Every structure is written in C-alpha cells, then in structure tokens.
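Heads up, the thing below is written out as structure tokens.
The values are calculated or read from the model by the stated rules, or taken from the named source; none is laboratory data. The model shown is predicted, which means the values in this text are computed figures rather than measured ones. Please note: Cβ atoms are built from the backbone with ideal geometry, for glycine as well, and neighbour counts cover all protein chains shown. Protein only, heavy atoms only, side chains kept; ligands, DNA and RNA dropped before computing areas. Shrake-Rupley method; radii C 1.70, N 1.55, O 1.52, S 1.80 Å.
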Amino acid sequence: MRLIFLGPPGAGKGTQAKRLTDKYGIPQLSTGDMLRAAVSAGSEIGKRAKEVMDSGGLVSDDIVNQIVSERVEQADCANGFILDGYPRTVPQAKALSENLRQKDFVLDAVIELKVDQEALIRRIENRVAETIAAGGTVRSDDNPESFRKRLSEYREKTAPLSAYYQEQGELVVLDGMADVDDVTAAIEAVLEKDAGSSASAARI
Ligand code: AMP
C-alpha cells in the first residue's frame, strides 16, 4: 500500500502515519525526519538544509526528490510506504509521480487532513509542552516565528496540491479535527473502501 498524507504542520499526519505503520507493516517516510537526521549527522545535505529548516522555509525540491527516490527503493518499502510531509510542492508531486512510474509503483491513496488554524497553533504549543515534560529536545522550528512561516509556506506552496490530486481523482479529504481514533478509523475505512459508522463521521 502506498499512501500520501497531506495537511498543514500539526494536522496529525505523523500521528496517523505511525498508527498505520503498525497495522499495515509499512514504513512512515517523513522527509522532515530524514532531513533532521541529515542535520544531526552533519552530512552535506544536512548542512544545506539546516538554515532553511530552522527558518520554517522549504528545502529545495531537488534535495527532497532525491532523498525520497532513494528511500522508496529500500527493502522495507517492498510492501509500500506512507509519505508524510512529501510532496510539498506541485513540482515535487510531478517528480514523485514520474519516479513512481519509472519504478512501476502505483499510488493507492492521497489523504488530506483538514484542520483549522487556531487549532494548529494550540497543537504545536502542546507538542512543545509535551516534549519538554518528557525531557526531550524541542524542534528548532517549533517556535512561533518559524511556525508562522511554515504555515504560510503551506498555504502558498503545498495547499495547491489538493487541487492537483483532486484533478487526478486521487484525493480524499478527512476532518483532522475529529477525535484522533475517529480519524484513524476514517483513514482505515478509506483504505479498506468500507465506510463504517464512526469512520464516516470524520469524512468530509
Ligand atoms: P516536517 O517535519 O514535515 O514538519 O518538516 C520540517 C521541515 O523540513 C520543513 O519545515 C521543511 O523545512 C523541511 N521539509 C520537510 N519535508 C519537505 C519537503 N517535502 N520539501 C521541502 N522541505 C521539506
């Protein structure tokens, strides 16, 4: 199963992707996580990406396209994968579809989680508070200034992907404000093409 999760920062893509990895035994491919690992490792890509990530901007399409192209060829992706945070621009979506076509991989679904912006700011504040309470390190881009920039990048560059995938008949939009278990149920219903009762509550 090959999936894309779309939605603004804080929409719950990562949370939902993690739940599906357990159920379907396929990895979550978060370009944000991959880039943060590159930054921590001090690799060439990490050095190029760090500043733009800290400011809340988007890393260049070429870098992320390359990372994902290599990653989906690894053995743990043999049964599929969940793309979380990629594609984030229409050129990335076009590069991805060409990349998948060349590898004979078919996309099963593009799922967008819709959330309201006030809720996003609260969710990010909660994520920071929970991370601090757990003794973890707060992401360097989880601060109000970078978050505003990440949201504006989303509106300007990523939101147009909804129309792109809608035109291709691949988009399913779900209510990311619903209870987290209901969102999971709705996603599973989409994947199993079997809209159950609590599941349909979250479908828009
Ligand atoms: P995320 O963990 O998905 O919120 O991503 C954190 C940061 O990594 C973003 O704000 C971008 O700077 C960078 N990033 C992650 N995925 C992409 C992508 N597909 N295209 C460009 N930049 C990305």
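Things to note:
- The chain - mean residue ellipticity at 222 nm from DSSP helices (-39,500 (n - 2.57) per run, n ≥ 4, rounded to 500): -17000 deg cm²/dmol
- Loop GluC sites (Glu not before Pro), the stretch 143-197, which have at most 15 other Cβ atoms in a 10 Å radius of their Cβ (DSSP): 170
- The magnitude of the dipole of the stretch 85-204, with charges of +1 and -1 set on the Cβ of Lys/Arg and Asp/Glu and taken from the Cα centre, is near 520 debye.
- When only the Cβ of Lys, Arg, Asp and Glu is charged (+1, +1, -1, -1), the dipole of the chain relative to its Cα centre reaches about 320 debye.
- Accessible-area value, residue 142, 1.4 Å probe, nucleic acids and ligands omitted, Å²: 20 Å²
- Accessible surface of the stretch 81-180, 1.4 Å probe, proportion on carbon and sulfur as whole %: 50 percent
- Annotation: the stretch 1-103 has a Kirkwood hydrodynamic radius of 14.1 angstrom, from the mean reciprocal C-alpha pair distance.
- Overall form of the stretch 98-175 per C-alpha gyration tensor (a/c, 1.5; a/b vs b/c): prolate
- Taken per residue, the accessible surface of the chain reaches 51 Å², heavy atoms only and a 1.4 Å probe.
- The stretch 61-204 shape via C-alpha gyration tensor axes, a/c threshold 1.5: oblate
- Potential extension, residue 18-residue 77 segment - 0.36 nm per residue separation minus Cα distance: 19.8 nm
- The stretch 134-161 and the stretch 78-113 have Cα centres spaced 22 Å apart.
- Among the GluC sites (Glu not before Pro) found in the stretch 28-123, those both in a DSSP coil and sparsely packed, with 14 or fewer other Cβ atoms within 10 Å of their Cβ, are 73.
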